[in-house]
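These notes are about the structure you will find just below.
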Amino acid sequence: MGPRQHTGGPNRGPDASRVPSVSALIIFAKAPIPGQVKTRLCPPLTPDEAASLHGSIVLDMLERSRGTASMDRFVACAPSPDHVFFKILAERHGVRLIAQTGDDLGARMARACADMFALGYQHVMVIGTDLPTLPASAFGDAVKLLASHDLVLGPARDGGYYLIGLRKPAPELFAGIPWSTDRVLALTQQKAAALGLRTALLPVRRDIDTVDDLRAVIDETGLQTRAPQPATTLSPRTAGVLRLLADRLCTPNAPRRAGARP
């Protein structure tokens, strides 16, 4: 048998004629359109600032996931793979673009996973883009865990999860979940137990959904004090964007979004 043909490339959409790598990583991402991304950060961020931050985090996710062996990368695009932002990603970062199909987040993730398994991938992982401090090693860690587990979850501090990895289709894990609540992880684990899936957990991490999350990341990474940061913690691109926002967001009188907890 000849060598496996690596599928990672600037092509659009899955290509069943190619032999896949062992693992597929699906990055769910929105185009950085002002007023349509990170709206919970506005105010105090402007729509343009929120879009700039979002775009930088998406690019960081692509760069950090680049070096994982035997893993093909796909970007599940919203609103459409035709957006110029995604076309540039495909050209410059060697990822393939797929559409998000389904009535809600769960249906879209289930469909994306099913499509990857249909192409012959042994492991399928889905991740969002709200994780500026995620280390590059997280992807390899998830792949290693999938060698001996049916399901891998990356718990988020808000009660959700930032990554889900599977060894076989399990659409039940995505059905009937109250997305964007603190019950997502617990309910997913309950469903996994009912299905008899062997589950492993990655370290708990913070994603950026709210202004308080953003302030916490700035504080935890020392950006407000200009402290030097480990290269594995925060990329220079996102650090630069956050540094511009740090003084305004982290002062005692900085405006808080209505309803935010002190």
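Read-outs throughout are calculated quantities, based only on the coordinates presented, and are distinct from any laboratory measurement. Fair warning: this is a prediction, and the values are worked out from it, not measured in the lab. All Cβ positions, even for glycine, are placed from backbone atoms using ideal geometry, and neighbour counts span all protein chains on display.
A few remarks follow.
- Cα centroid separation - the range 86-103 against the range 104-119, whole Å: 15
- For the range 203-220, 3J(HN,Hα) computed residue by residue from phi via the Karplus equation (6.51, -1.76, 1.60; θ = phi - 60°) reads x, 5, 9, 9, 9, 9, 10, 10, 4, 5, 4, 5, 4, 5, 5, 4, 5, 5 Hz, glycine and proline entered as x.
- Proximal charge balance of residue 34 [Cβ under 12 Å; K/R count +1, D/E count -1]: 0
- Rounded to the nearest 20, the Cβ-based charge dipole of the range 113-202 about its Cα centre (Lys and Arg +1, Asp and Glu -1) stands at 220 debye.
- Expressed per residue, the C-alpha convex hull volume of the range 26-68 stands at 62 Å³.
- Spherically averaged projected area of the range 23-207 from its Cα convex hull (nm²): 9.8
- For the range 114-252, the extents of the C-alpha atoms along the principal axes are 48, 28, 22 Å, listed from largest to smallest.
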